Amino acid sequence: MAVPTSFSAAKLQALLLKSASSSSSRASTATHFSVFGKPIKNRKTMIQRRLITCEAASSDVFLHTDDPTNANTISALEQLKTSAADRYTKERSSIVVIGLSVHTTPVEMREKLAIPEAEWPRAIGELCSLNHIEEAAVLSTCNRMEIYVVALSQHRGVKEVTEWMSKTSGVPVSELCKHQFLLYNKDATQHLFEVSAGLDSLVLGEGQILAQVKQVVKVGQGINGFGRNISGLFKHAITVGKRVRTETNIAAGAVSVSSAAVELALMKLPEASHESARMLVIGAGKMGKLVIKHLVAKGCTKMVVVNRTEERVEAIREELKDVEIIYKPLSEMLTCAGEADVIFTSTASENPLFFKEDVKDLPPASQDVGGYRLFVDISVPRNVSSCVSGAESVRVYNVDDLKEVVAANKEDRLRKAMEAQSIIAEESKQFEAWRDSLETVPTIKKLRAYAERIRAAELEKCLGKMGEDIPKKTRRAVDDLSRGIVNKLLHGPMQHLRCDGSDSRTLSETLENMHALNRMFGLETEISVLEQKIRAKVEQNQK
């Protein structure tokens, strides 16, 4: 357990000195000091993902000495304070994602955890009111519920967010833990970049998720908890999503049966007839609806839909208001087939709807589409009998023909996904460099302010000695001289405080430079930045 020094030092000192004082009146036996309760016999330090934790029997701090003298007690106290300070200040605020997705969680649980877009600002506000959460964002879609936070402490932040998720959804923490995944810093960054690029979607490379990531940024604008780190992360994810799609064209090619059916039909038609071809869809169930949507996506604005009832067709009309969808009952199926160039069948009928004798009597297909009528049957069992393929001027395709299209496109997308990973790795490195550079911003500001105070004070002394009747031109020249000297002196230190990936300097070297400058110029504060933030949050929540 990381121990914040300013929280604990005074209490530790008082407890230890009190214990030492009472022990001095006893016989000279071994004295065992314990803080906040009972002594701990075994302590094991575990370091995991840049987070330092102490695993103990009761998560307490144990101090043991066989010498009750005040000097040794103070020495032990100083060691403890130093150790606590090291553990706490070395823990940098972390980007964490706590998520549940279609890959790990059943839909019954995802729907309980889902947060409507209108509730995202409220959720961000509640998350940022938690003691160890500084920034937050919510990505809630039909396939995933992911919460991204900047945590001042990884394990405390995860605990607080998980409990919040349980409270808002009614799902017990124990159940959440069975399905949720946790990713930190670079892993969290890479995950969001993969999500935005469509690499984590059920349909590899699908574009809807990029629009949803954009919506997170749009909703987050102006919300206090959607801070610099999280905002920068999501904006960079949008850049990555766009770049992957542009450079790899990963979204090209159908990877579902319904989209493959449409793509295959358009491949078989002359390109000049794509807009004029007469489309007929038989069946308005789930698969039929998807065929209609994919036809619309390809530019089709008019089609006939044959179904047992008009209710489902009317619902599709309401959803696709800009498309002319003509309903016909099942009794008019053959008539409609004679007036169509491409016929998609997707009903649950156990018996074929079309036989050779039905098709041979149909009017000939238009020469605009090559003189062939296309049947694309995506039903199992088949709606188009195998004997139909023997009819003149007819081409029949079924699910097995579509599988080849789907498989070829999937293989192509997998190759493109490999290319996308190299882009994501490059962009992740750039984002991490940007975030690393933020570490030194407070020191840069303090160093500039320190130098400016000295410059202003010395300038005032100089001008005072020069008298009151100094020409404005001279005063300005002296002021410019002082600023020029300070800027030149600060140039070297400032360069060594930058870590943006533009040179070979590593983050550790930059942080060493930062700590050295803090010591040399007395820029260090009594408590760490992280501790200041946590104390401010605790005080705010206690009001």
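Segment residue 111..residue 228, full-extension length gain: 39.1 nm, with 0.36 nm per residue of separation and the alpha-carbon distance subtracted.
Once you have the Cα-Cα distance between residue 414 and residue 173, take 0.36 nm times their residue separation minus that, and quote the gain in nm to one decimal. Kindly include the intermediate steps, with their values, before the conclusion.
Details: separation 241, 0.36 × 241 = 86.76 nm, distance 3.60 nm.
Between residue 414 and residue 173, full extension yields 83.2 nm more.
By accessible area, using a 1.4 Å probe on protein heavy atoms only, region 89-247 has 52% of its surface on carbon and sulfur.
Please give the net charge around residue 264, taking every other residue with its beta carbon less than 10 angstrom from that of residue 264, where Lys and Arg add +1 and Asp and Glu add -1. Before the final figure, lay out each step's value.
Numbers: positive: 268; negative: 263, 401, 404.
Here the count lands on -2.
Could you give the accessible area per residue of region 300-346, probe 1.4 Å, as a whole number in Å²? Don't skip to the answer; put the middle values down first.
Details: 2550 Å² over 47 residues.
Result: 54 Å² per residue.
For residue 392 and residue 122, the FRET efficiency from 1/(1 + (r/R0)^6), where r spans their Cβ atoms and R0 equals 51 Å, is about 0.20. A simple rule links phi to the HN-Hα coupling: the Karplus curve 6.51 cos²θ - 1.76 cosθ + 1.60 with θ = phi - 60°, which for region 424-435 gives 5, 4, 5, 5, 4, 4, 5, 5, 4, 5, 4, 5 Hz, with x for Gly and Pro.
Using the 1.4 Å probe convention, the accessible area of region 142-294 works out to 40 Å² per residue with neighbouring protein chains retained. Length available on full extension from residue 518 to residue 181: 0.36 nm per residue minus the Cα-Cα distance, which gives 117.5 nm. For GluC sites (Glu not before Pro), the sites in region 395-495 that DSSP calls loop and that have at most 15 other Cβ atoms within 10 Å are 468. Note on residue 249 and residue 211: the model spin-label points, each 7 Å out from Cα along the C-beta direction, lie 2.3 nm apart. Each Lys and Arg adds +1 at its Cβ and each Asp and Glu adds -1 at its Cβ; summed about the Cα centre, region 89-247 shows a dipole of about 380 debye.
The values are calculated or read from the model by the stated rules, or taken from the named source; none is laboratory data. Every value quoted in this text rests on a predicted model; they were computed, and no experiment measured them. Virtual Cβ from ideal backbone geometry, glycine too; neighbours counted across all protein chains shown. For accessibility, only protein heavy atoms count, side chains too; no ligands or nucleic acids. Shrake-Rupley method; radii C 1.70, N 1.55, O 1.52, S 1.80 Å.
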